[in-house]
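Visitor: The structure is given below, and queries will be raised subsequently.
The values are calculated or read from the model by the stated rules, or taken from the named source; none is laboratory data. Quick caveat: nothing in here was measured; it's all calculated off a predicted structure. Counting neighbours? That spans all protein chains shown, and the Cβs are built from the backbone with ideal geometry, glycine included. In case anyone asks, the SASA skips ligands and DNA or RNA and just uses the protein heavy atoms, side chains included. Shrake-Rupley method; radii C 1.70, N 1.55, O 1.52, S 1.80 Å.
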Amino acid sequence: MEGDGYIGGAIAGLVYFVAGYRMLRLSFKTKESPERLLGAMFLFWSISYLFWYLGLALDQTPLITPLMAVENTTDQAGQIALVLFLRLVFRRDERWAGWLTAVMVGAIVLGVVSSAWVGDLEGIRPLSNPWYPLLNVHLVVTFWLMIEGIRHYRMARQRMRLDLCKPLDCNRYLLWGLTGAVWLAVDFGALVGEILYEETGVWSPTLDTMIGAGELVAIALIWFVFFPPGAYQRWIERSGSAPPIGER
């Protein structure tokens, strides 16, 4: 990637580090697993961006392959943390969710190990690596996040009308759903970009701009989920509800 992709990635890595640090610090106080999983997820992704930039800086050297291998591994580790978070928070008692979680975690681990075995340590060869599809389980994960966020947002609106849910908590579900939708678009764009790159050896500038913009939108949503500014909180509380989706 170039230009916008670099800028979006740099900001995302920094925001993920701050969010991860604050969530892990909170988990030490609450002793709760959701905060711990989110903290691990954000820190893994922050480390992934760090090694991605190191790989770019040391391109055309023997170090690039091991650096990008660490980037791929930590990114996938973050995906595993997100899967476990979704299972724990949204579908704790659903047996099918337990099986789905086990399958996705197993697929991610198998994808990383098998891709390394066939020589694609970086996980960037969609056309020549037969295990590459397993590295894209995150498309299912982000879709799951989007669905759960929107579903719980709609349920929270019903509870909010009975004063059983605070407007800000309701709004957080909406932001989670939107974050999942943006991540899904970014992940799909990266998938298309990697296919085109292996075919042509050139990264699409258009996709680069779209992915960079998507990264910026996603981290803004994440920031509002965990660290909403005071003015935003007051606006949500005054409105009495989060903006509706598909409702009259």
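Visitor: How big is Rg to Rh over segment 56-98, alpha-carbon atoms, Rh as the Kirkwood inverse-mean-distance radius?
Guide: On the way: Rg = 16.6 Å, Rh = 12.5 Å.
Ratio of gyration radius to Kirkwood radius for segment 56-98: 1.33.
Visitor: Now for a different question. Solvent-accessible area per residue for the chain at a 1.4 Å probe radius, Å²?
Guide: Value returned for the chain: 52 Å² of accessible area per residue.
Visitor: Once fully extended, how much extra length lies between Trp223 and Leu139, figured as 0.36 nm per residue of separation less the alpha-carbon to alpha-carbon distance?
Guide: 28.1 nm
Visitor: Hey, with R₀ at 22 Å, roughly what FRET efficiency would Ser114 and Leu196 work out to, going by the Cβ-Cβ distance, to 0.05?
Guide: Values: r = 23 Å, r/R0 = 1.07.
In this case the efficiency is close to 0.40.
Visitor: While we're here: In sequence order, what are the phi-derived ³J(HN,Hα) couplings for segment 42-52 according to the Karplus relation 6.51 cos²θ - 1.76 cosθ + 1.60 with θ = phi - 60°, rounded to whole Hz, with x for glycine and proline?
Guide: 5, 5, 4, 5, 5, 5, 4, 5, 4, 6, 4
Visitor: Using a/c under 1.5 as the rounded threshold, could you call segment 109-183 rounded, prolate or oblate? The axes a ≥ b ≥ c are square roots of the C-alpha gyration tensor eigenvalues, and prolate needs a/b larger than b/c, oblate otherwise. Spell out each step's value before the answer.
Guide: Numbers: a/c = 4.86, a/b = 4.48, b/c = 1.08.
Prolate, because a/c is 1.5 or more and a/b exceeds b/c.
Visitor: Using only the Cα atoms of the chain, construct the convex hull and provide its projected area averaged over every direction, in square nanometres to one decimal. The partial results should precede the final answer.
Guide: Details: hull surface 59.2 nm².
Directional mean of the projected Cα hull area for the chain stands at 14.8 nm².
Visitor: With r defined as the distance between the Cβ atoms of Ser128 and Leu56 and R0 fixed at 30 Å, what FRET efficiency is calculated, to the nearest 0.05?
Guide: Once the sixth-power term is evaluated, E becomes 0.85.
Visitor: How much length, in nm to one decimal, is gained on full extension between Arg22 and Leu162, taken as 0.36 nm per residue of separation minus their Cα-Cα distance?
Guide: Separation in residues times 0.36 nm, less the Cα-Cα distance, equals 47.2 nm.
Visitor: Would you kindly derive the ³J(HN,Hα) couplings of segment 172-179 from the backbone phi angles with the Karplus curve 6.51 cos²θ - 1.76 cosθ + 1.60 (θ = phi - 60°), listing them in order in whole Hz, with x for Gly and Pro?
Guide: Running phi through 6.51 cos²θ - 1.76 cosθ + 1.60 with θ = phi - 60° gives 4, 4, 4, 5, 4, x, 5, 4 Hz.
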